[in-house]
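Please read the structure below before turning to the comments.
The values are calculated or read from the model by the stated rules, or taken from the named source; none is laboratory data. Computed from a predicted model, the values in this text were never measured in an experiment. Glycine also receives a Cβ, built like all others from the backbone with ideal geometry; neighbour counts cover every protein chain displayed. These accessible areas exclude ligands, DNA and RNA; they are computed on the full protein's heavy atoms, side chains included. Shrake-Rupley method; radii C 1.70, N 1.55, O 1.52, S 1.80 Å.
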Amino acid sequence: MSKDIVIALDEGTTNAKAVALDAQGNVVAKSARPLTIQTPREGWVEQSGEALLQASLAVISEVIAQVSPERVAALAISNQRETAIGWYRASGLPLGPAITWQCSRTADFCHALREQGQDAKIKAVTGLPVAPLFSASKMRWLLNSLPNSRGLAEQGEICLGTIDSWLLWHLTAGESFCCDYSNASRTQLLNLNTADWDAEMLTLFQIPRQALPEIRPSSGLFGYTKGLDAIPEGIPVLAMIGDSHAALFAHGLGAAGCVKATYGTGSSVMAPVVSAQCDVKSLATTVAWHDGERLVYGLEGNIPHTGDAVAWMAESTGLSELPEAELAQALNTLPASVESTLGVYFVPALTGLGAPWWDEDARGLIHGLSRGVKRAHLVRAALESITYQIADVVVAMRQHGDFALKALMVDGGPTRNDWLMQYQADLLGCPVMRSDVPELSAMGAALLARKALLQIDTEQLRQYLPEHATFTPDAQRHDRLQKRWHDWQSAVQLARTQKTQPG
């Protein structure tokens, strides 16, 4: 029996999923486990690192059992980005909960950095604007939250990492402490020009270099499985990559003009660019991936609440009580059942606003309520808010010299809503091309693993890329929607001027 299967883990915020792909790139087995988040205080969002690990190991082992261990050639990992976790090197036990990418507990520290005039320097070195989203301030908070933890980290007794490094550590029984370039570039500690941890950023965020993982290409050997009950020994881990980067890779291998938007709990809008240099203050420049041959850069805007905004509205209007299939149908039919939102705009700044605003003090609002507004109008407003936030980022991207937009390549759970996809196409005035492969991030990681496994060029992976369904824009509707988009931006400004009051 030949070893023809690559198993890819996609460890996200709300689910851990694993898929098995055969030699033709077809999904032949899959498994998923739900994950929960905790919000112990306003603006705090965290997850159990042990729960993330156990769910990930469970879905990997279940998929291995489905395809037979003898066929498994390699593992690949795509993961939620920016989430930071610390653990003790000797035991592998976490310092505490993983602080997720949505968490804004470090907002005051980030505000202080801006007050000190550090934002321009940080962006010049790391490509990232100052924001609680990124890992460095979270890692600093973790060390500050426990007595003597910084001293232990300086002695190499504490590990600090993104979720890929946490999973790899436990898959390899602590023998591999590594992350890939894409995840490293989301920490605010990587120098984009040297592609290494930056000494000045480490000092600024008070992170000992001894606590950080080794950085390796996204495609290549990271280590071998070891010491796990339901996962055979010696399976090579041949790819690790952030989930949004993996989706961009699976859409088109980084072809120019193919801009990617992942619609999940939050959204990442990412475009391939040829240079790490970016003068657009509101956007991030990042490492899209290192394919084993070269670094590829990405221009990105991160939005914390897109699918999460719809989930919040579904909970608030009672829709979440429906069975899953009925809920999905309602989200498809309700917005189309009304001609407009009757002037309602929902700005889902539930933990602040991300790109292009980067305002952690903003708070969500529902603007324009009138007596005639019903549940359908509110649901439509929530879905429209996704499209407006995506479009706001695209407008910012147009300021970058390398940016081109031929089509918006989309993926993620909310993209199954045809009404939403057509609205996005009409608003932007460009084709929206949807991948109907629900495991696209896993597929991107699997492609990078197969590249390492077969020792082939990236372009030779094109035969494995999935097909897309295309939504063509309506030019007349595009013109009409521009006023609504302008009114949305006015509502955003209202959300930014609100301040939470104590008591």
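Restrict the check to the stretch 116-136 and report whether at least one residue is in a strand (DSSP E or B) and either on the phi < 0 side of the Ramachandran plot or among the hydroxyl-bearing types (Ser, Thr, Tyr) (or both). No; the residues of the stretch 116-136 include none that is in a strand (DSSP E or B) and either on the phi < 0 side of the Ramachandran plot or among the hydroxyl-bearing types (Ser, Thr, Tyr) (or both).
When the residues of the stretch 286-306 are filtered to those that are part of a loop (DSSP other than H, G, I, E, B) and surrounded by fewer than 24 Cβ atoms within 10 Å (Cβ to Cβ), the one that is farthest from the chain's Cα centre (by Cα) is Glu293.
A quick yes/no check of all residues on (1) of a type in the set (D, E, K, R); (2) assigned to a helix (DSSP H, G or I); (3) over 24 Å from Ala246 (Cα atoms); (4) open to solvent by 40 Å² or more (accessible area, probe 1.4 Å):
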{"residue": "Ala325", "(1), (2), (3), (4)": "no, yes, yes, yes"}
{"residue": "Ala328", "(1), (2), (3), (4)": "no, yes, yes, yes"}
{"residue": "Leu369", "(1), (2), (3), (4)": "no, no, yes, yes"}
{"residue": "Ser385", "(1), (2), (3), (4)": "no, yes, yes, no"}
{"residue": "Val393", "(1), (2), (3), (4)": "no, yes, no, no"}
{"residue": "Leu408", "(1), (2), (3), (4)": "no, no, no, no"}
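Rundown of residues vs (1) in contact with a strand residue (DSSP E or B) (Cβ under 8 Å, 6 or more places away or on another chain); (2) open to solvent by 40 Å² or more (accessible area, probe 1.4 Å); (3) closer than 25 Å to Ala29 by Cβ; (4) at pLDDT below 90, yes/no style:
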| site | (1), (2), (3), (4) |
| --- | --- |
| Arg380 | no, no, no, no |
| Ala425 | yes, no, no, no |
| Ala442 | yes, no, yes, no |
| Leu454 | no, yes, yes, no |
| Asp457 | no, yes, no, no |
| Leu461 | no, no, yes, no |
| Pro466 | yes, no, yes, yes |
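A single entry from Arg450, Arg480 fulfils the requirement of being outside any loop (DSSP other than H, G, I, E, B) and crowded, with 18+ Cβ neighbours inside 10 Å: Arg450. All of (1) open to solvent by less than 50 Å² (accessible area, probe 1.4 Å); (2) within 15 Å of Ser385 (Cβ to Cβ) hold for Arg363 with one exception: (1).
Residues in the stretch 337-360 that are farther than 17 Å from Tyr388 by Cα and touching a residue at least 24 places away in the same chain (Cβ under 8 Å): Ser337, Val338, Thr351, Glu360. Summed over the stretch 23-54, residues that are among the β-branched types (Val, Ile, Thr), assigned to a strand (DSSP E or B) and surrounded by 19 or more Cβ atoms within 10 Å (Cβ to Cβ) total 0.
For the stretch 55-78, enumerate the residues that are in a strand (DSSP E or B), aliphatic (A, V, I, L, M) and either open to solvent by 50 Å² or more (accessible area, probe 1.4 Å) or closer than 30 Å to Ile99 by Cβ (or both). If the condition is that a residue be in a strand (DSSP E or B), aliphatic (A, V, I, L, M) and either open to solvent by 50 Å² or more (accessible area, probe 1.4 Å) or closer than 30 Å to Ile99 by Cβ (or both), then Leu75, Ala76, Ile77 are the ones that fit. Checking the stretch 84-104 against the condition returns a match, with at least one residue being aromatic (Phe, Trp, Tyr), surrounded by fewer than 21 Cβ atoms within 10 Å (Cβ to Cβ) and either within 30 Å of Ala131 (Cβ to Cβ) or in contact (Cβ under 8 Å) with a residue 12 or more places away in the chain (or both). For Leu319, the stated conditions do not hold, so it cannot be described as at negative phi and open to solvent by 30 Å² or more (accessible area, probe 1.4 Å). For Ala20, the test of being open to solvent by less than 30 Å² (accessible area, probe 1.4 Å), within 21 Å of Phe222 (Cα to Cα), part of a strand (DSSP E or B) and touching an Asp or Glu at 6+ places or on another chain (Cβ under 8 Å) is failed.
Here's a check for you: in the stretch 427-440, which residue that is out of contact with any His (no Cβ under 9 Å at 6 or more places or on another chain) and open to solvent by 40 Å² or more (accessible area, probe 1.4 Å) is nearest to Ala29 (Cα to Cα)? Filtering first and then ranking leaves Pro438. Checking each residue in the stretch 141-173 for being of a type outside the set (S, T, N, Q), within 21 Å of Gln80 (Cα to Cα) and assigned to a loop (DSSP other than H, G, I, E, B) picks out no residue at all. The number of residues in the stretch 124-171 that are among the basic types (Lys, Arg) and either modelled with pLDDT of 95 or more or crowded, with 20+ Cβ neighbours inside 10 Å (or both) comes to 2.
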